[in-house]
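Accompanying notes for the structure given below.
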Amino acid sequence: MTQPQNPAPAPEATTAVNRWIDALQDGWRARDADAVAALFTDDAVYHQGPYGPPHTGREAVAAHWRDTLSRQKDARMWFGEPLVRGTRAAVEWWCVLYDPRTGAPRNAAGCLALRFAADGRCASFHEYWHGAPDQELEPAEGWLR
């Protein structure tokens, strides 16, 4: 019995997800919580890990990013090539950032599971990540594929 083949995503879908990731990075680098929040639907559900309550709605996403950005500066980030299927995408990421008070470096790396609305904004965001305080490491070669 042959296994069914998953069709390749339409190139325009992958391009749209890459544009969304680029806009996320732009907002993050600019420390602009409102620009990041504009990437989400009005009723978006944003999970930062599997255990806590989600940030629900664009205003809650903006408040989350304002708080997050207040605890970091000079973020450098890398994203892998997203895997896209229909309205869903998954992408690995890595970042190095610094404590704004002490300058101490921090690393984080993880994966995003995204679902997009018809207008290209994110309706569902699940973030899984691991942190490494007091480290300033760039991704190992081949880590983000």
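I'd like the carbon and sulfur percentage of the solvent accessible area for the chain, probe radius 1.4 Å, heavy atoms only, ligands and nucleic acids excluded. Kindly include the intermediate steps, with their values, before the conclusion.
Values: 4680 of 8720 Å².
The C+S portion of the solvent-accessible surface of the chain is 54 percent.
The C-alpha atoms of the chain define a longest principal axis, and helix 11-29 lies at about 10 degrees to it. Applying 0.36 nm per residue to the separation of His130 and Asp34 and subtracting their alpha-carbon distance, the gain on full extension is 32.0 nm.
The distance linking region 15-93 with region 106-124 is 6 Å (Cα centroid to Cα centroid, whole angstrom). Can you give me the angle between helix 58-70 and the longest principal axis of the chain, using Cα atoms only, in degrees from 0 to 90, rounded to the nearest 10? Its long axis makes an angle of about 40 degrees. Note on the chain: GNM, Cα springs under 10 Å; of Trp65, Trp93, Trp78, the largest mean-square fluctuation is that of Trp78. With protein chains left intact and a 1.4 Å probe, residues in the chain average 60 Å² of accessible area per residue. Neighbours of Arg66 by Cβ distance under 12 Å: Lys/Arg scored +1, Asp/Glu scored -1, total -2.
Applied to region 135-141, the Karplus parametrisation 6.51 cos²θ - 1.76 cosθ + 1.60 on θ = phi - 60° returns per-residue 3J(HN,Hα) values of 10, 9, 10, 7, x, 5, 4 Hz, with x for Gly and Pro.
Residues whose amide H comes within less than 5 Å of that of Glu81, counting only those at least five positions distant or on another chain, are Arg145 (H built at 1.01 Å from N in the peptide plane).
The values are calculated or read from the model by the stated rules, or taken from the named source; none is laboratory data. Note that the structure is predicted; figures quoted are calculated from it, not measured. Note that we place each Cβ from the backbone using ideal geometry, even for glycine, and neighbour counts take in every protein chain shown. Calculation scope for accessible area: heavy atoms of the full protein, side chains included, ligands and nucleic acids excluded. Shrake-Rupley method; radii C 1.70, N 1.55, O 1.52, S 1.80 Å.
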